[in-house]
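K.L.:
Structure below; questions to follow.
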Amino acid sequence: MAVLELGGDPPSGAEPVGLVATDDLWGHSFRAFGFPLGHPEGIWGDGVIRGLNARGWLQIEDAYSIRSRPPLPPRIGDGIL
């Protein structure tokens, strides 16, 4: 979470973001807007929440890596669909 200080009044119609507390995180989708290096105009990102890791940090998976991941080779004991 980031806290931003506005340099002036917010745009008309702007509202605070609502926060939700839940233990049921797995599989929820998310989207965010940011300004990574090389994108001074900003870009959207989206993905899926996977849950908490061993440190208690939220683990997310971006949708691009989900869509572009090559299929895994079959392993002994895998089910057949």
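K.L.:
Go through segment 1-28 residue by residue and tally those that are small (Gly, Ala, Ser) and surrounded by 10 or more Cβ atoms within 10 Å (Cβ to Cβ).
P.N.:
Of the residues in segment 1-28, 0 are small (Gly, Ala, Ser) and surrounded by 10 or more Cβ atoms within 10 Å (Cβ to Cβ).
K.L.:
Please find, among TRP44, TRP26, the residue that is at pLDDT 85 or above and assigned to a loop (DSSP other than H, G, I, E, B).
P.N.:
Within the list TRP44, TRP26, the selection yields TRP26.
K.L.:
So, GLY13, is that one modelled with pLDDT of 80 or more and more than 20 Å from the chain's Cα centre (by Cα) or not?
P.N.:
For GLY13, the condition - modelled with pLDDT of 80 or more and more than 20 Å from the chain's Cα centre (by Cα) - is met.
K.L.:
For segment 60-77, indicate whether the set of residues that are surrounded by 10 or more Cβ atoms within 10 Å (Cβ to Cβ) and at pLDDT 85 or above is non-empty.
P.N.:
Among the residues of segment 60-77, at least one is surrounded by 10 or more Cβ atoms within 10 Å (Cβ to Cβ) and at pLDDT 85 or above, which makes the answer yes.
The values are calculated or read from the model by the stated rules, or taken from the named source; none is laboratory data. This is a predicted model, so every value here is computed, not measured. A quick note on method: Cβ atoms are made from the backbone with ideal geometry, for glycine too, and the neighbour counts reach across all protein chains shown.
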